[in-house]
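J.: There's a structure below that I have some questions on.
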Amino acid sequence: MKASRRDSTSTVNCDPYILRLPNELLLLIFNAIKSQYRYTAKLALRRLAVVCRRFRDLLIPDLFRIVSLPKYSFHHRERSALCSFLPSYGHHIRHLEASPAGGADPLWASSVLSTLSLSAKHFTNLQYLQIHLHRTLTTEQQADLVEMFKVLPPHLQELDLAGFSWTSAAKALAVAQQPNLQRLSLNLESIPSAPMAPAKFTSYFPAIVHIHIPGHWCPQPSWFIEAFLGSKLEHIAVGFADRIENGETDSHLCSNHPCRWTDGLYHLFAASASSLTNLTISTPSFPSGSFVSFIERVTTVTFRHIDFNWSPDHLVQLVGPFATLSITSLRFDRCSGIPPTFARWFEDTEQSRRFFPTLKELQVGRLYALVEWEDFNDLDFGSENIWRPAVRREFEWSCKRRGIEAVFYWDFFMGWD
């Protein structure tokens with residue numbers, strides 16, 4: 001590629017130096033641009049892709065690696081654009097998200113599902129698929145969902161379904177041929193009293209090691225027995241913090257009498273007692289004490305979006321059963337209201353060393369703490385969850401003396417407004 005530059009005396013032919021670089025160096029430059037422009041990287045790469053054909057060929061795999069469908073409307077223009085590039089570029093897609101925003105077009109689900117049912121065959125290297133619909137599917141939408149899973153190439157490793165009924169999802173999963181699927185997230189609605197045919201995950205997805213189920217489900221224990229018979233799950237997650245709007249948690253508020261939720265989870269954990277190493281809890285209803293005999297091999301426990309402000313007893317109920325197990329990592333991800341009594345398990349005393357004896361990593365947040373120069377002796381409402389400076393410092397030093405690598409997210413309290 002040559003360019004001419006004319007001045008008052010002569011004409012000079014020159015090669016742009018960057019185009020003489022090998023592809024490997026160009027890719028390093030593009031990766032550096034992605035790192036520098038973290039939040040606008042895709043826009044920067046799009047602009048580079050129209051500079052010349054060579055740039056475009058190098059950048060197309062990166063531009064199409066992660067695709068998120070429009071969240072508000074998906075009409076003829078969007079459908080035409082998607083269908084035009086998928087035959088040529090669909091094999092570059094590794095990560096595909098289809099999730100509407102609040103207030104999205106009512107026809108969004110129909111347009112997306114019909115398009116994906118026609119185009120799924122082009123996703124020959126797709127590894128992650130997210131489908132959040134937030135609605136009850138019509139007969140036509142159900143047929144499109146089934147057709148999509150029927151033609152989807154068998155390379156999927158992670159599947160995230162949310163917002164529609166388990167009955168609709170089960171019909172689609174029954175025709176899926178995904179022998180490499182390892183992670184399955186089912187944030188789905190269901191009527192607890194309705195019959196639910198199990199998906200027999202171990203038959204359809206023999207490689208599955210991670211299952212994420214909602215806390216509000218209440219199928220019969222026989223469903224769990226059939227669905228997970230012979231499974232060797234390594235990670236079980238229960239509860240979805242974002243299932244309900246306005247920050248509400250995914251509690252198990254069951255109208256069945258008697259409620260068989262604990263019995264069902266018992267069989268789920270019993271099936272994978274020898275392989276389970278990772279547990280995530282995102283519902284305050286989780287009966288931790290019922291499964292101690294099945295979680296002895298668990299090394300990582302994560303509590304996510306649990307609010308201890310209004311129910312401090314949950315600290316003992318949820319966390320207590322794990323205190324004597326051989327856990328190496330304990331995390332409180334976006335939890336709130338953890339009381340100062342939590343520190344008693346980590347005191348550097350012979351008695352307290354019986355608790356979490358093998359813990360190496362602790363991550364806790366949010367913790368409400370008083371600022372160093374204030375005492376607020378008149379604290380009343382909610383004061384049981386406020387960490388005073390001396391208790392906070394002793395907690396940090398106790399973890400350090402016990403060899404625990406601890407990360408705390410302190411929210412310093414300046415008094416009530």
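J.: Evaluate the relative contact order of the stretch 130-169 (contact order divided by residue number), counting alpha-carbon pairs under 8 angstrom at least 6 apart; express in whole percent.
T.: Averaging sequence separation for qualifying contacts and normalising by length gives 71 percent for the stretch 130-169.
J.: From the cross-link list 42/71; 42/150; 42/171, which pairs have alpha carbons spaced over 29 Å apart?
T.: Those over the limit are 42/150; 42/171.
J.: Charges only on Cβ, +1 for Lys and Arg, -1 for Asp and Glu: so what's the dipole of the stretch 19-89 about the Cα centre, in debye to the nearest 20?
T.: With only Lys, Arg, Asp and Glu charged at Cβ, the dipole is about 180 debye.
J.: Using heavy-atom solvent-accessible surface (probe 1.4 Å) with all chains present, what is the largest-first order of 353, 77, 94, 46?
T.: Largest to smallest exposure gives the sequence 77, 46, 353, 94.
J.: For 335, 259, 52, give me the order by solvent-accessible area with a 1.4 Å probe, most accessible first, ignoring ligands, DNA and RNA.
T.: Result, largest first: 259, 52, 335.
J.: How do the peptides 164-174, 385-395 rank, highest first, by the average count of neighbouring beta carbon atoms within 10 Å per residue?
T.: 164-174, 385-395
J.: Go through 17-28, 122-133, 59-70 and give me the packing order, highest mean Cβ count within 10 Å leading.
T.: 122-133, 59-70, 17-28
The values are calculated or read from the model by the stated rules, or taken from the named source; none is laboratory data. What you see is a predicted model; the values in this text were computed from it and never measured. Ideal geometry is used to build each Cβ from the backbone, glycine not excepted, and the neighbour counts take in all protein chains shown. These accessible areas exclude ligands, DNA and RNA; they are computed on the full protein's heavy atoms, side chains included. Shrake-Rupley method; radii C 1.70, N 1.55, O 1.52, S 1.80 Å.
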